[in-house]
Each structure stands twice: as C-alpha cells, then as structure tokens.
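Values in this text are rule-based calculations from the coordinates and carry no lab data. This one's a predicted model, so the numbers in the text were calculated from it and none came from an experiment. With ideal geometry, Cβ positions are generated from the backbone for all residues, glycine too; neighbour counts draw on all protein chains shown.
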Amino acid sequence: MRGLLIRDCSIGGKAGYNVYCEGGKIIRIDEGNEGSSNAEVIDANGGSLCPGFVDSHCHPFEYGWLKRSVDLRGTTSMTAVRLRVVAGIQRAEPGEWVSGMGWDQEEFPGKEMPTREELDDISPENPVVLSRICGHIGLLNTRSIEALGLTGRTGEEYERDQSGALTGIVKEKALEEVYENLPRSAERSAADLQAVESEAGRLGLSTLHCVVSRDSFQEELEALATLAASESLSLKYRVYVPPEALDYIDGTRLSQKLAGTAVRINGVKIYADGSLGARTAALREPYTDDPSNTGILRYTDEQLTELVEAVDSKGMQAIVHAIGDRAVEQAAEALGSVARGNNSRRHRIEHASLLPKDLRSKMTKHSIRATVQPLFIISDSWAVDRLGEERARDLYPLKSMLDEGIISSGSSDSPIESMSPILGMWAAMARRGEDSHEELTLEQAQTLYTVNARSNGFDPLEGLSEGASADLTLLDSDISGLHPALFRKVGVLATIVGGRAVHSYGTG
C-alpha cells in the first residue's frame, strides 16, 4: 500500500509542514522534506491539519433509511408535508408502508400538532408513519392505526382528541412499536450505512459513535459484521446497542466479531426520557407552555438503576439519553451508583440538555461524562417558550460543563441535525444573548470533537505526532485565529482514516 504525503499543511497555526503516513500511522512530520516520491500526495496549500473528527452520537442507519424514505426536514406547513408524502406514495405499491421523518410543528402556522385526518385523503391504501424531527413523536394515518390494531389503545403515549378518538399522534414506546412492524433486511441496512458514511467522510468525520436502532438491531448488527469482515467500511465505528440486543449479542458472539479497530461494540444506549420539542423530556417542574405536563420518564428510578447495573456488570459502557432535568437527575443517580467516583467504564449521559448547577455537581462528583449536540442551541429556537427564561439559562451550558470537569464530547444526533462537525463547532462558539457566557473558544470546540470524543469512545488520546494513528481531517483554511462567525464556511479538503484518504480534493 502506498504511503500518503500531506504537503504544506498548517499545524497549530504554523504553516509549511509535510506529514507522511504509512501503515496506518503518522511516520514523519517535518518542514521542507517531502519524503517518499512514491507516496500519494494531498496538497494542503496551508490548510489546517487536525486529528480526525469524531461524531460521538449519531444514527447512521436511520439517516440512511431517511435518504430513501420521505424526508420532511425543512417543511413549514402540513401542505408541504402532504406534497412530499404524495410523492412517496406514488413510488410505493398499494398497501406498502410509507415512512418519513423531519416534520416540526414549531415551523407550522399556529404551531399545532398535525392529525391523521390531514393524511387520510392522500393515503387511503397505504399505511403511513411520519416521525417528528426529534424521533420521539410520530403521526399515523387511519390506515396504519387500523393495520396495527391501535384503536383501543390507552395511555399518555396515544394522543386522543376531545371526543376520545385517536388523533394519530403517538409518542415514545408507542412509536417504537410502530417501527417494529416495518419491513427491513440486513442487505438494505448495509446499503443505508454506506450511503451515509460517504457523506460523513466528506464532512471530515473519521469515526462515528453509531447508535443501533431498537426496532432493527439484528439487521443493523449483521450489516456491520458483514461489512467489517469484508473490509468494506471507510470509517471507524464505535457501536451502542439497545438493552434488547444484549441476549442476541451473547448468543451470536457478536461482541467478539465486532471487537476490532474498525468496528467495536462499546456499550448500551438507554432512553430515560423524550425530547423538549415533543414535550416528552422529563422535567422537575411543568412545561411553561403546557402547565399540565412534566414529560415522560421511560423507567422508574429503581428500574433505570437496575438496568445500568446490568450493563456495568457485563463490562460495557452505559450511555443514557436524558434531556429534561428530572431525567438527567435520574440518570446521574443511576450512573453514580456504579461509577462510584471514578467511572472506569466511562458511563455517559447523552444530551444532558437542561443541566442546572446541582446536576453538574452531581455529574462531576461521580465523574459522569456527557455527549452534547451544539447545533441544538441554534435549532431549539422555541426553548424559552418551553422552559421560561430562568430555566432556559441552564440549557446546553457547554462551557460550564467543561470548566467544571465534565468530559463532554460533540455530536450531531444525525439525522436530527447535520453531521457536519464544522457546523457543530461553529454553534458551540457562536452563541449570543443571555447565554453568551457559555460560548466556547475554538480550542474548546475542537476538543469536543477530538480529544474528548476519543476518550468517550475508549480510543487512544493521540494528537498530531509521529507514531500516532493516521486518522486526520484536513481543512481548506488555516483556522488559527479565525473569527467564530466565519468558521461555518470552512471546508474539508480531505479525510484520512488509517492513513488512507477516504475523501479528498486534489490528490496526486
């Protein structure tokens, strides 16, 4: 295999470096000496060379599914939603499920939740399920309600109108049950993943912390195993499975099969609550714009602690989705019960969105880590409506988390947000207004997607040094001293994984 030479790059704000990689490692870093003439060459033209960016929480299989289903992101009315669904139905056979994701009632006139009647006239023969952008609420048409036998279902996860009829809105576990009934295959899952990793490579990502779906974990794990065995993957994957997958993993010995450098099962993803956008995130006090509602906890305190202890006893990392402060409190207590101050398993809270000082202190006490999504700061424009001004000040306190010793890593939660780590870093740096004190420096923002992300995924904390793994991201500009407002315009010249360019412009 030919070596790789990155010519004339900037490292730490100093230009003129040549970096030679071979055998998956950085062999040499120097100025002026270009090394082997037989190497593949990438001309950096002064662009910054960084450790490979890591997305420490994303759903690539779901994103791949979205690419071939009905993408509703960016719609601003139910008319726009209906038009896209009609196009999806035209591609489907009569009776075939039509699925989509990405609507957000906060973007609609009146901000009202949609109802099944708004789908029924365009989908008389096809069952339809459309997930909200957060993935915690779905809209069903009457055909899908009948197909699944949901008419008589009761509980807070099945919304009903004043007459007692189902509106078509289902939440949390009820939505998961719907997706369990959709057809799937390992072959299709493999194609979905490869479609997404090509995009991730273009965006500068070398490693993905891949959250496997509860409703299709078998197909997704089989796809990962097949692709890893055939060396068909371009990026590295750190895999997190739902609790329901543990017996399957043990029975198929997948923990052994997926334990390499390229693909490794790290731990278990547990949902403690829902999302703020769907008003299912569990809060200590009611929603400001829905005073009768405090959200939904998925488990009792005892159940969550028992589940975390089971994961820890298997030597695996527990990562707990917790967005509302009540859920974060519950997750911190459960993780603290096994972390016991040092947290050798590196258990994490995913999102940790509403995080007042007392909860940050609890996380620090038990060395509980976090995974954050800086782009939520931009997209959650309705946060003050949900929480009120006082509580909203404790939303996404990224700088406080780092300053207080919480090892936090950056992610996209894709397909909810763009996978671009550049945009994620920009969002972390560019906050304005009352929470401007939580703005990160460029160095801190990079840490979210490099050092801390590697640490949170059990990868070596290697920088740009001789002998380090050649997982690198080359940018098209020297970013040292760049104003945060301009950072979002920075492009990716190349992404290098194990010394191989999986994406590049201008190779020679």
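Annotations for the structure displayed:
- Mean Cβ count within 10 Å, highest first, over the residues of peptides 480-490, 356-366: 356-366, 480-490
- Sorting 48-56, 393-401, 9-17, 131-139 by their mean Cβ neighbour count within 10 Å, with the most densely packed peptide first, gives 48-56, 131-139, 393-401, 9-17.
- Sparse packing (at most 10 other Cβ atoms within 10 Å of the Cβ) combined with a DSSP loop state is found for the following GluC sites (Glu not before Pro) in segment 167-266: 231.
- ³J(HN,Hα) computed for each position of segment 208-215 - Karplus, 6.51 cos²θ - 1.76 cosθ + 1.60, integer Hz, glycine/proline x: 10, 7, 8, 8, 7, 6, 5, 7
- Stretchable slack from residue 289 to residue 393, in nm (0.36 nm times residue separation minus alpha-carbon distance): 35.8 nm
- Under the simplified labelling scheme, the residue 173-residue 31 pair shows an inter-label distance of 6.3 nm, with each label point 7 Å from Cα along Cα→Cβ.
- Positive contributions from Lys and Arg (+1) and negative ones from Asp and Glu (-1), summed over other residues with Cβ under 15 Å from the Cβ of residue 195, come out at -3.
- Computed from the Cβ-Cβ distance with R0 of 51 Å, the FRET efficiency linking residue 443 to residue 181 stands at 0.60.
- Listed by chain and number, the aspartates and glutamates whose alpha-carbon sits under 20 Å from that of residue 25, ignoring those within fewer than 8 places in the same chain, are 8, 34, 40, 43, 231, 459, 462, 466, 471.
- FRET efficiency for residue 244 and residue 117, using Cβ-Cβ distance with R0 set to 51 Å, rounded to 0.05: 0.90
- DSSP beta bridge pairing in segment 1-133, given as percent antiparallel to the nearest 5: 50
- Extending 7 Å from Cα along the Cβ direction at residue 45 and again at residue 79 yields two label points whose distance is 4.4 nm.
- Unit charges on C-beta of K, R, D, E only; dipole of the chain, Debye: 1000
- Selected from 169, 47, 58, residue furthest toward positive end of dipole (segment 32-174; charges at beta carbon): 169
- Among the trypsin sites (Lys or Arg not before Pro) found in segment 207-281, those both in a DSSP coil and sparsely packed, with 14 or fewer other Cβ atoms within 10 Å of their Cβ, are 253.
- Calculated from the structure at hand, Rg/Rh (Cα atoms, Kirkwood Rh) is found among (1) 0.95; (2) 0.97; (3) 1.05 as (2).
- Charging the Cβ of each Asp and Glu at -1 and of each Lys and Arg at +1, and nothing else, the dipole of segment 187-302 about its Cα centre rounds to 420 debye.
- Reach of residue 171 by Cα under 24 Å, taken over lysines that are not fewer than 8 positions away in the same chain: 67, 111, 269
- Loop-located GluC sites (Glu not before Pro) in segment 74-110, at most 14 other Cβ atoms within 10 Å (DSSP): 96
- In range of the label at residue 488: residues from segment 429-459 whose backbone nitrogen is under 13 Å from the point 7 Å along Cα→Cβ: 429-432
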